[in-house]
Each structure stands twice: as C-alpha cells, then as structure tokens.
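Chemist: After the structure tokens below, expect a handful of questions from me.
The values are calculated or read from the model by the stated rules, or taken from the named source; none is laboratory data. These numbers were taken from a predicted model, which means no experiment stands behind them. All Cβ positions, even for glycine, are placed from backbone atoms using ideal geometry, and neighbour counts span all protein chains on display.
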Amino acid sequence: MIGSYVKTSGRNIMRNKLFSFINILGLAISMSVGLLLIAFLLDLRSYDRFHKNGERIYRITNILTSNSEENGKFGSTSIKTGKLIREKVAGIEQVTTMRSDFSGDAKVGDNTVPIKGYWAEPSLFHLFTFPMVEGNPETALKDPYSIVLTETAARKLFGNQAALGKALKIDTLVYQVTGIMKDIPFFSHISFEALVSLSTAEQTNKGDKSFDAWTNMWSNYVYVMPSKNADMAAIRSQLNTLSTEENLAEENDKIQLELLPLYNIVVGESLQQSEGGPGFVGPHMSPVLLWILGGLAFIVILSACFNYTNLSIARAMRRVKEIGLRKAIGAGNSQVRLQFLAEAIMISLASLLLSFLLFLILRPLLINMAPEMQRTVQLSLTPAMVAVFILFSVAVGIIAGFIPAIFFSKISPINAFGNISSMRMFKHLTLRRTLVVVQYTVTLIFITTTAVGYVQYKNILAFDLGFNTTNILNIDMKDNKPDAMLKELSEMPEVTALSRSLITTGVGNAWGGNMKYKDSRDSVLVMTNHVDENYLPLHDYKLLAGGNFIARPATAEAVGEVIVNQQVLKRFNIGANNPGKAIGEQVTLNGRNLTIVGVMQDFHYGKVENLMGPVAFTFWTPDDRAIISVKIRSTDMPATMARIGSIWKKIDRVHPFSAEFYDEEIEDAYSEFSTMIKIIGFLSFLAISIASMGLFGMVVFTTETRLKEIGIRKVMGASIGNLIYLLSRGFLFLLSVSALIALPVTYIFFQTVVLPNFPYHTPVQITELFVGLLGVLLIAFIMIGSQTWKAARSNPVAVLKNE
C-alpha cells in the first residue's frame, strides 16, 4: 500500500510540473529558514552540556534594592556570599567563587602575551568538568600566585617547551604554572585563557575592606552544586534567611540571593551584568527573542504551506474524478487522506534537498551578520541535527498536506463532478481566497515592519545625543599611559583637538556611583565619567552655567570638582533647579565631597532607549584607564589612520591598535537592532517571494480554466483592457483586503509595543507604511498582468475550435 501511495504521488507530481515546481521551491525556501532556526536552537541548547553534573549546578544571582528602589537582577554576587553559603547553607555539596577582573601582559623571557582569565578556587574543578592535562586539580589553585593555563595559552607563552612548574611575570608579580588544562569548549558560557588562585587576589587586596563586603557584588560569581536529591525549597529558604541576616547591617543597599540553573544562563532571563564578568562576555539569548524568531520562521513556512493548499485545492476539479473513482471502488476516507499526505511529504522531502543547499549558503551569512553571532553559534552539522532536519521536513509535509487531505477525503462519489472549489470557510470567502488574504496580510506586515524599523533605526543613529561625535576617533590605550601618544598625535597637522576620558558615553557603557546632597539618608545612583579639561569643548557639550574644571589634580583623592547635568539638579532640587544657583554647591559622590563648578545641558549618557538620568563628570587622573578622543580634519583619512596606527606600534608592540570612530561605535552599539532588522528584512523577502510564486500559480491556473470564457468575450467584442480588468480584479480585491488588515496592525504594533521602549522615537509616518504596500502591489501586478495579458491576447479561434 505504501508503495502504491509513493507511485501514485510521484505520477501526480510529474504530471503537474509547474505546480510541483512552485510547491517544492516555496517549501525549500521557507524550510531553509526552519533549518537555520533548528541549527541555531540546537547550538544554544548545547551550552554547558559537557559538564558531568550540569543539571545540578546553579549560579547565585542578586536582586539589588537601593533606597527601597529595585535596581534589577544581577548575575554577579559578592565573595562573602560564597563563604557564607559554604558555612551556613545545608544541602550544598560544592561551592566555588570566581572573580572576573584578572588580565594583564604575561611575560616569559622576551615573549609577552596579553592574557585574560579569572581568579578561582580549587573547588572549581569539582564543580565544572574542565579536564586537567598536567598538574593536580586538587592543589593547582590552592596557594597564592598559582596559575593554571589552557593548552593554547601555554603554547603562546612557552612554545613547545614544558610549562608546568615554570614561572611567568604579569605586571610586577611572578606566578608559578601549577596546571595545564584543555582548552575551553566553544559551547561554554565561561571562557578564559588562565585561572589564578583566588587566594592571590585576597592577599593583594588585604587593605581593601570592601573586597569581600556583602554589597561588593560587581565582579564576583558564585556557583553551587546541591547534593543529590537535595530539597531545593529548603536551600532557597536558607538563602532568604542568609540575605535577611546580612541586610540588617546595610543602610541603603539590600541584596536578595536566588538560584539560576546552569542550563538557563545562556537561554534564560536577561540579567544585568558587571563589565568583564562571565555572564557579561558570554553569550545570552532571551527566550522571548527565540519565540519571536521561531514565530517569524513558522509564519514563513506556513506561507509556503498555504501555497501548497491553494494550488492543491485549485487543482481539485482536475483530480475530482480520480477521488470519485477511488471511492467508488471501495477506498475509504482514511486511505484518501493518506494518499494526499504521502504526496505532500514526498514534495517536502524533495524540498529538503534543495533547502539543505540553501542552508549551506545562508549559514555563513547568518554567522557573519553580527560579531555576537560569531561568538554564539557555529551551526556545524551533526548526526542529531540531520535527524531533526528530516523529522522537520516530514512535519512540514504533514502541515502542508493536512487541509488538502481533509478536503479531498470529504468528496463523495455522487458529488465528485460538482464545483468543489466553492466550499466556503466564511460567508463571503472561499477557502482559497481566505488563505490568499492571510498569506498576503502576513507578507505585508513583514514588509511594513521592515520599512518602519529601518527608518526608526536610521533615526536613532542620527539622533541628537546632546554632544558632537563627527570625525572623532576614540583610541583605547590598553592600560598604557596616554602621555606619549598624546605628544605624537599633537604633532600631526590633521589632529585639531585631543582629550582623555575613562569611558565612551552614548554607546551603552556605564560607570556610576552613589551621590548625596544635604540629606545623608537620600542617595541616588549617578552615571559618571572621568574627563580632562579638553573633553567638553572637543565634544561640544553645552554648559548652562559655570565653566570647565579649574583644578588639575594628579590623584583621585585630590579630585574636588564636579560638573553635573540638569537631572542632578532636578533629583536633589539643587538651587531650585536653577543652574546658576547650583554653582558652588557641595555634593558627595562615593563618599568624597565635591563642589559643583559647572552644569551641563542634559545629554544621552546611555543608549537612546534609556531615559536621560543624573550624570556627573569628575576630573581624569593618571590612575584611570584612558580613552583618547582625537578630533580629525583630513582629506585622506586612510593615510591619516595608517600614520596613527604606526604611532601606536612605537608605543605598544604587544596589543593590537584598537581605535574606532565615534559614529561607528554608535552604530555598533545598536548592532542587535540592525541585525533584527536584517533578519526581518530577509524573512520579508522570502515571504514576498513565496507569496508571489503562489499568486503566479493561482493566476496561471485561473487563466487556464477561463480561456474559453476569454475567447467568447473576445468574439463578443471585449477589449484587452476589459479582459485584464476582469481577470485581475479578484486578486486585486484580495490584496486590498490584506492591506486594510496589515497596515493598521503594523501601525498599532509599533505605536503600542515597539516604540514605547524608545522614549525619544520619531512617530511612524504614513509613507513608511505604504512603501511596502506599493512594492507588493507592483510585484503582484507584474505576476497578474503578465499572465492575463498573455491570455487576453490569445487567439479565440484556437481556443474555441473544439467547441
């Protein structure tokens, strides 16, 4: 019986070559998107699965509340948290703490290699499955100044020589290599080149009381592994008790500890992270985003399935005799259904071969779409992935063939010669017309969303941030002192201004501290930057009162001046919000008394989707890391950049030259948004391609079935224009219905869902909505017009000669 289904299906596919080609190509294009999504999901699901006890490992997260205002949930916590859990929480088998601020230039003889890693405890090797090639994992991270290298890092530093037991120097400290471990797998949310004993950090920070304070939660990560069959509710209760006890000693900041499963770190709730932590540098994907991408891919696949359904039902009158005859000789409804499902699955499997080729073509394009993609997925083929692809293809075949199978199985032998295509889903729409309307509604939503999103994205990049970014090059000094670089750059005629700062604002970077005014109990988190006296004029910041920094302190302790924005005045009601009256007032920032010497006009410290908040600039000192901002006026920018690069090589031969124009940094800051626009745009292109192929097939079928009617009308004197209008008006009506649904839906979606997340957005314009509609109408008119023109110009004698 199965062989009969396959043979009959094959004959039907070959008998209707055009319709089969449209179905196979449409399904292949849409399924390639499905294959990419499946590969993407399988890669995300692969993260951290190599750990032997991965299902039992949790990361401690913190919910931070300051002055009774919740600041969000963080993936980091304090070193003290790890110690307290080890001492007080029953049911925990292993605890390990990692600190993320370890980096430096490792020197072995004349060889210098930049290296990054974490301070870690010996228990890390009990919790995680990071195999050690050389050394004892029990003791490798026990003593101070011990370091464990990955195999790749060891080769960079020592070449082919044995590294175990050797010494290397980082900054002024000498470390002993106590272990060599295998390289970290790609699918690990924690990635590093070296691990240094946490006891080293404890020893070098002996004089810092805040190092292991309960509220020092910005660079530390604690992982726990409960005992087998542990009572997780009891463990959570103990964490709550521990949090309550420690919070009693805190005046402003309160911390609540929670558990995050290891497998939910990469795909799970979005957390705020401190810069440099494993959760920050590691990949993360919101489940909501995955649902959105999955939904969009499903819609594209469904569009191809609609094509199959439409064309199958359109050919109903040609196959109705076959169905009637089958039923007359005893075939049941289930056999008819299986026949049409088998045909749909065969077409889907044929589409799988073509979609796999498209997958191989699209895979590198997706990976290279954004740097985050390259760090997150590989999309490499595995046997499991191939098996899922085949199951996916069968599922698509079942979805595509379900409605035709039900449709044809209900045909009775008596009514086999009736007008089956008139079966109605709604009162005034046939099933085929309903599917066309739904398909084009979705297509129009895709296209208009892309158009509106692209315009909003361009508006964000061109948005007035409140300071100038044109022709400003930002150079990361990589822990080098900036003086030599500044001297060399100042001698270049193309350089018109120079300044130093701690961070680059407006691109999502953040550096903050608690500020107080007169009431010591009232504090607020203020975003800060350390800048020199040239920074404000170089970037054209607008001062509403006061002036630039007067003093030139050489140390952080000597800093006594601050320049604030309007939001600081508003928050504390300084000088009754009058910038002039605020000059000379005293504020406290991170426990240091500062005098307000200037008030800036509000500007965008963070990204445009964030509301402008309190910001304070203090003076840059040599203890700070440095970003040099270079104002350039050049007629040959590549030559100027090459000269700046050569200057860098004279100053630092170890680190690569890291410089980017401010405008490019802003564009990179919104790369996630631009990537989403690209993906939706790509899906829009696929959706319109699939819908157009389906429309083409429907038009071909309609014109073929109405050739005799056209011949008679021509004989009766109908003009070509009248015939084109007659044949195309039904399709144009359906497209109009789709537009009436899609455009308001898109507008409401942006106005109520998307744009409220961007407080400084521009309103959606009518022209943005109609660009997509005009594009779809143009394509549809070409599809319809080409076939109706051909039919209208046919010779009525040739058509009617058999009548």
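Chemist: Can you find, within the stretch 156-197, the residue that is nearest to Phe125 (Cα to Cα) among those that are touching a Ser or Thr at 6+ places or on another chain (Cβ under 6 Å) and in contact (Cβ under 8 Å) with a residue 60 or more places away in the chain?
Modeler: That would be Ser197.
Chemist: Right, here's the next one. Taking the stated definitions as given, is Leu149 more than 27 Å from Asp48 (Cβ to Cβ), buried (at least 21 other Cβ atoms within 10 Å of the Cβ) and not charged (D, E, K, R)?
Modeler: For Leu149, the condition - more than 27 Å from Asp48 (Cβ to Cβ), buried (at least 21 other Cβ atoms within 10 Å of the Cβ) and not charged (D, E, K, R) - is not met.
Chemist: Something else: What tally of residues in the stretch 756-770 results from selecting those that are surrounded by fewer than 17 Cβ atoms within 10 Å (Cβ to Cβ) and either touching an Asp or Glu at 6+ places or on another chain (Cβ under 8 Å) or touching a residue at least 40 places away in the same chain (Cβ under 8 Å) (or both)? Walk me through it before giving the result.
Modeler: Within the stretch 756-770, the subset surrounded by fewer than 17 Cβ atoms within 10 Å (Cβ to Cβ) is 756-757, 759-760, 762-763, 765-767, 770.
Pick out the ones that are also either touching an Asp or Glu at 6+ places or on another chain (Cβ under 8 Å) or touching a residue at least 40 places away in the same chain (Cβ under 8 Å) (or both) and you get 757, 759-760, 762, 765.
Total satisfying the criteria: 5.
Chemist: Only residues that are assigned to a loop (DSSP other than H, G, I, E, B), surrounded by fewer than 18 Cβ atoms within 10 Å (Cβ to Cβ) and in contact (Cβ under 8 Å) with a residue 40 or more places away in the chain: list them for the stretch 86-135, please. It would help to see each step written out before you state the result.
Modeler: First pass over the stretch 86-135, keeping only residues assigned to a loop (DSSP other than H, G, I, E, B): 89-91, 109-110, 121-123, 128-131.
Right, trim to surrounded by fewer than 18 Cβ atoms within 10 Å (Cβ to Cβ) and you get 90-91, 109-110, 129, 131.
Correct list: Ala90, Gly91, Thr129, Pro131.
Chemist: Here's a follow-up. Could you tell me which residue of the stretch 614-658 is farthest from Val113 (Cα to Cα), considering only residues that are buried (at least 18 other Cβ atoms within 10 Å of the Cβ) and of a type in the set (Gly, Ala, Ser)?
Modeler: Of everything passing the filter in the stretch 614-658, Ala616 is farthest from Val113 (Cα to Cα).
For (1) among the polar types (S, T, N, Q); (2) surrounded by 19 or more Cβ atoms within 10 Å (Cβ to Cβ), each residue gets a yes or a no:
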| site | (1), (2) |
| --- | --- |
| Gly453 | no, yes |
| Ile460 | no, yes |
| Phe467 | no, yes |
| Thr470 | yes, no |
| Asn474 | yes, yes |
| Lys478 | no, no |
| Lys481 | no, no |
| Glu491 | no, no |
| Ser499 | yes, yes |
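Chemist: Condition first: modelled with pLDDT of 70 or more and assigned to a strand (DSSP E or B). Can you find one or more residues in the stretch 41-59 that meet it?
Modeler: First pass over the stretch 41-59, keeping only residues modelled with pLDDT of 70 or more: 41-59.
Add one more test, that the residue is assigned to a strand (DSSP E or B), and what stays is 58-59.
Yes, some residue in the stretch 41-59 is modelled with pLDDT of 70 or more and assigned to a strand (DSSP E or B).
Chemist: For the stretch 45-90, name all the residues that are among the small types (Gly, Ala, Ser) and closer than 27 Å to Lys228 by Cβ.
Modeler: If we filter the stretch 45-90 for residues that are among the small types (Gly, Ala, Ser), which is where we start, we get 46, 54, 66, 68, 72, 75-76, 78, 82, 90.
Within the stretch 45-90, Ser46, Gly54, Gly75, Gly82, Ala90 meet the criteria.
Chemist: With respect to Ala545, determine if the residue is within 16 Å of Ser501 (Cα to Cα) and small (Gly, Ala, Ser). Working first, answer last.
Modeler: Working: within 16 Å of Ser501 (Cα to Cα): no; small (Gly, Ala, Ser): yes.
So Ala545 fails the test.
Chemist: Of the residues that make up the stretch 535-545, is at least one touching a Lys or Arg at 6+ places or on another chain (Cβ under 8 Å), in contact (Cβ under 8 Å) with a residue 24 or more places away in the chain and closer than 27 Å to Ile666 by Cα? Before the answer, list the steps.
Modeler: Of the stretch 535-545, the ones touching a Lys or Arg at 6+ places or on another chain (Cβ under 8 Å) are 535, 538.
Cutting the leftovers down to in contact (Cβ under 8 Å) with a residue 24 or more places away in the chain gives us 535, 538.
If we keep only those that are closer than 27 Å to Ile666 by Cα as well, we get 535, 538.
Looking through the stretch 535-545, at least one residue is touching a Lys or Arg at 6+ places or on another chain (Cβ under 8 Å), in contact (Cβ under 8 Å) with a residue 24 or more places away in the chain and closer than 27 Å to Ile666 by Cα.
Chemist: Right, another one. Is it true that Lys209 is in a loop (DSSP other than H, G, I, E, B) and either farther than 23 Å from Phe102 by Cβ or at pLDDT 85 or above (or both)?
Modeler: On the way: in a loop (DSSP other than H, G, I, E, B): yes; either farther than 23 Å from Phe102 by Cβ or at pLDDT 85 or above (or both): no.
So Lys209 does not fit the description; no.
Chemist: Kindly evaluate Ser523 against the criterion of being over 21 Å from Val630 (Cα atoms) and more than 27 Å from the chain's Cα centre (by Cα). So that I can check it myself, show each step before the final result.
Modeler: Values: over 21 Å from Val630 (Cα atoms): yes; more than 27 Å from the chain's Cα centre (by Cα): yes.
So Ser523 fits the description; yes.
Chemist: Applying the selection to the stretch 452-479, what residues are touching a His at 6+ places or on another chain (Cβ under 8 Å) and over 30 Å from Thr762 (Cα atoms)?
Modeler: Scanning the stretch 452-479 gives a single hit, Lys478.
Chemist: Would you pick out the residues in the stretch 563-577 that are within 16 Å of Lys518 (Cβ to Cβ) and either more than 37 Å from the chain's Cα centre (by Cα) or not β-branched (Val, Ile, Thr) (or both)? Step through it out loud before you land on a result.
Modeler: To start, the set of residues in the stretch 563-577 that are within 16 Å of Lys518 (Cβ to Cβ) comprises 564, 568-577.
Passing the criteria: Leu569, Lys570, Arg571, Phe572, Asn573, Ile574, Gly575, Ala576, Asn577.
Chemist: Counting just the residues of the stretch 621-665 that are within 30 Å of Pro553 (Cβ to Cβ) and assigned to a helix (DSSP H, G or I), which one comes out nearest to the chain's Cα centre (by Cα)?
Modeler: If we take residues in the stretch 621-665 being within 30 Å of Pro553 (Cβ to Cβ) and assigned to a helix (DSSP H, G or I), then Glu665 is nearest to the chain's Cα centre (by Cα).
Chemist: To continue, here is another question. Of these, Gly135, Gly159, Gly117, Gly109, which one is in the same structural domain as Ala233 (by TED's automatic domain parsing), within 33 Å of the chain's Cα centre (by Cα) and over 21 Å from Glu245 (Cα atoms)? Please lay out each step first, then the result.
Modeler: Working: Gly135 fails: within 33 Å of the chain's Cα centre (by Cα); Gly159 fails: within 33 Å of the chain's Cα centre (by Cα); Gly109 fails: within 33 Å of the chain's Cα centre (by Cα).
Answer to the selection: Gly117.
Chemist: Let me ask you something else. Report yes if Val396 is buried (at least 16 other Cβ atoms within 10 Å of the Cβ) and in contact with a Cys (Cβ under 8 Å, 6 or more places away or on another chain), otherwise no.
Modeler: Working: buried (at least 16 other Cβ atoms within 10 Å of the Cβ): yes; in contact with a Cys (Cβ under 8 Å, 6 or more places away or on another chain): yes.
Taking the combined requirement at face value, the residue satisfies it.
Chemist: Conditions first: (1) out of contact with any helix residue (DSSP H, G or I) (no Cβ under 7 Å at 6 or more places or on another chain); (2) part of a loop (DSSP other than H, G, I, E, B); (3) surrounded by fewer than 21 Cβ atoms within 10 Å (Cβ to Cβ). Tyr605 passes all but one, so which condition is the exception?
Modeler: Every listed condition holds for Tyr605 apart from (3).
Chemist: Can you tell me which residues in the stretch 541-594 are within 22 Å of Gly613 (Cβ to Cβ) and among the basic types (Lys, Arg)?
Modeler: Result: Lys542, Lys570, Arg571, Lys581, Arg592.
Chemist: Restricting the search to the stretch 237-254, which residues are free of Cβ contacts under 8 Å to residues at least 40 places away in the same chain, assigned to a helix (DSSP H, G or I) and out of contact with any Leu (no Cβ under 7 Å at 6 or more places or on another chain)?
Modeler: Of everything in the stretch 237-254, those that are free of Cβ contacts under 8 Å to residues at least 40 places away in the same chain, assigned to a helix (DSSP H, G or I) and out of contact with any Leu (no Cβ under 7 Å at 6 or more places or on another chain) turn out to be Ser237, Asn240, Thr241, Thr244, Glu245, Asn247.
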